[in-house]
Structures are given as C-alpha cells and as structure tokens.
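Beneath this line is the structure, given in structure tokens, with notes to follow.
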Amino acid sequence: HHAVIDTLGAWDVTQGNPVIRVAVIDGGVDLNHEDLNSRVWINSVEAAGQAGVDDDGNGFVDDINGWDFYDGDNNPAPFNGSGLGPGHGSAVTGLIVAEANNSVGVAGVAPNVKFISCKGFNNDAPASNFDLGEAIRYAANMADIMNNSWASSNPSENILDAIDYAITQGRGGLG
C-alpha cells in the first residue's frame, strides 16, 4: 500500500510527530502488540493520578490509554470473540502507526504518532449508536485525528450530532 499512496514521498517530509494523537474508534486495539505497544498514548494526568478518580476531569475515570465505550470501562483492548475478530482494530491501527524498520509486520503511514484506543464495538454484538456517538465526542476532545473504519447505512441523530461536534468543537474548538 505504500507505493499506491506514496508513503515514501511523505516520509521524506515526516514520519509523524509523537505529540500527534490519532483516535481509533473500532473493536479495541491490542495495546501489547509488538508493532503498536510503543505507539500507545498515555494520559499522563490519569497515569500519575489517583486510581478510581477522574484526575483530568474529562468524565472518564482512569482513561490512561483510551476508553471502552461498549463496556463502559477503561480497558479499550479487544474482546477475544468472533465477529470482526479481535484483530480489526489492531490491524487498522497498524496501518496508521505500526513501527517502521523493526522487521515485524508492516510499517504504518505515520509510525511516530501516538494512538488512542476508543473501543466502540464488541466483536460479537452490534454497536450502539449511543456508544459510537460518545466515542466520537471523546476522540474529538482527546485526539488530533480520528479514524472510523466502520459505516452505518442509517446513522442516528446521536452519531450525526457527534460528528457535527467533532467538526466544530474538536481539537479545542479548531474542528
């Protein structure tokens, strides 16, 4: 895929900046994957804070690496079930941030950026429009870029409102 999108030309300019955060809204990401584990975003306020307390005041307690909107907890890793499989979110994330030149798997298009896992799906059940809307809002507040490798033939008002919020209020009001 690198030749098709001229990644090498882009890499002549930059391979990404580690302060850039990409939120991946999917079925969760394997935070321990050897091509991804060095690219995991760490919410330093929550990591250094008190367990069980929303130290950064964003409404999500201990969201150190992202949030699981499906289960409502701070573990955004994939469920090991069937359906999309536990690898879809990890594969999508790898296309974006996988480490380059480590002789493992692929190299992401921006291997130096960090990712935030926003689990909006359980691989064995349909996603909730509410959960996906909340994931989009969270991503708009916490990330510079968001990836949504999913679609809806009839998106709910909640999802449309969340997208509008991301466009107008994301990145601290920059959209």
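Values in this text are rule-based calculations from the coordinates and carry no lab data. The model shown is predicted, which means the values in this text are computed figures rather than measured ones. Because the Cβ atoms are built from the backbone with ideal geometry, glycine has one as well, and the counts that use them run over all protein chains shown.
Rounded to two decimals, the Cα radius of gyration of segment 2-168 over 2.2 N^0.38 Å is 1.02.
Count Lys and Arg as plus one, Asp and Glu as minus one, and take only other residues whose Cβ is under 11 Å from that of A98; the net charge is then -2. As a length-normalised measure over Cα pairs under 8 Å and 6 or more apart, the relative contact order of the chain settles at 29 percent. When the charge dipole of segment 2-168 is built from unit charges on Cβ atoms (+1 for Lys and Arg, -1 for Asp and Glu) and taken about the Cα centre, the candidate among A162, A98, V61 whose Cα reaches farthest toward its positive end is A98. In segment 2-168, what percentage of the DSSP-assigned beta bridges are antiparallel, given to the nearest 5? The antiparallel proportion sits near 10 percent. Taking a sphere under 14 Å around the Cβ of N37 and counting the other residues whose Cβ falls inside, with K and R at +1 and D and E at -1, yields a net charge of -2.
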